[in-house]
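Worksheet for the structure shown next.
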Amino acid sequence: MANDMNLSSRTPNPLLLLLCFTTLLLLRTEAVWLTIPSKGTKCMSEEIQSHVVVLADYYVVADDVKGHPLQTISAKVTSPYGNTLHQNENVTHGQFAFTTTETGNYVACFWLDNKHQEGAGETTLSLEWKTGIAAKDWDSVARKEKIEGVELELRKLEGAVEAIRDNLIYLKNREAEMREVSEATNARVAWFSILSLGLCIFVSVFQVLHLKRFFVKKKLI
């Protein structure tokens, strides 16, 4: 009986394993490959709330160029209000990190430096973009707080849940703002329709009275 109790105490909780697996899915980040045209700009944007940490690493992917050097690119990251957060020129790799101060679309654009590369064709860029909980350095947290294993995974899950909660609150506030704008627009359209109908009735009565006066004056009626 004691052996059975010890065995059951060592058996992982399926719910706990499911939560840890969900955390790993939420924290997983994958690099995005972008095809940069020979002329023009390739951009990527993401809507991010304020006070969110953003980390990114990008580099030119080595294609089968048979000994030719990698094509260099330029990069620029702007905030929703047009502020430049990162700018780099004539590079094959780079990285940037910042904490958002505005809510909206953050745009990262890349283009080839064709001025120094005659006959350059399109190239491939690998971009790894991390935001919020995915950008947190969990190794440092584990060393600082001396946690590991299941406790660390639970801490990651807690951070992911908080991020989801904040995102839901943000979406709820956006929905409330959109609803207020929609209701205000509907009220204005209703008043405009009433004014338009009143103006049409006034013009119609004026026309009828004018025609009646004209016919009486001409003794047509």
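The values are calculated or read from the model by the stated rules, or taken from the named source; none is laboratory data. Here the structure is a predicted model, which is why all the values come from computation and not from measurement. Quick reminder, even Gly has a Cβ in these numbers, built from the backbone with ideal geometry, and neighbours come from all protein chains shown. We work out accessible area using only protein heavy atoms, side chains counted, and drop any ligands, DNA or RNA first. Shrake-Rupley method; radii C 1.70, N 1.55, O 1.52, S 1.80 Å.
For the reader, a short list of remarks on this structure follows.
- Residues in the stretch 162-187 that are of a type in the set (D, E), open to solvent by 80 Å² or more (accessible area, probe 1.4 Å) and either closer than 16 Å to I133 by Cα or touching a strand residue (DSSP E or B) at 6+ places or on another chain (Cβ under 6 Å) (or both): E162 alone.
- Top-ranked residue of the stretch 109-145 - restricted to ones that are modelled with pLDDT of 75 or more and part of a loop (DSSP other than H, G, I, E, B), ranked as most open to solvent (accessible area, probe 1.4 Å): E122
- Whether a residue is under 28 Å from the mean Cα position of the chain (by Cα), modelled with pLDDT under 85 and not in a helix (DSSP H, G or I) was assessed, and T23 does not pass this test.
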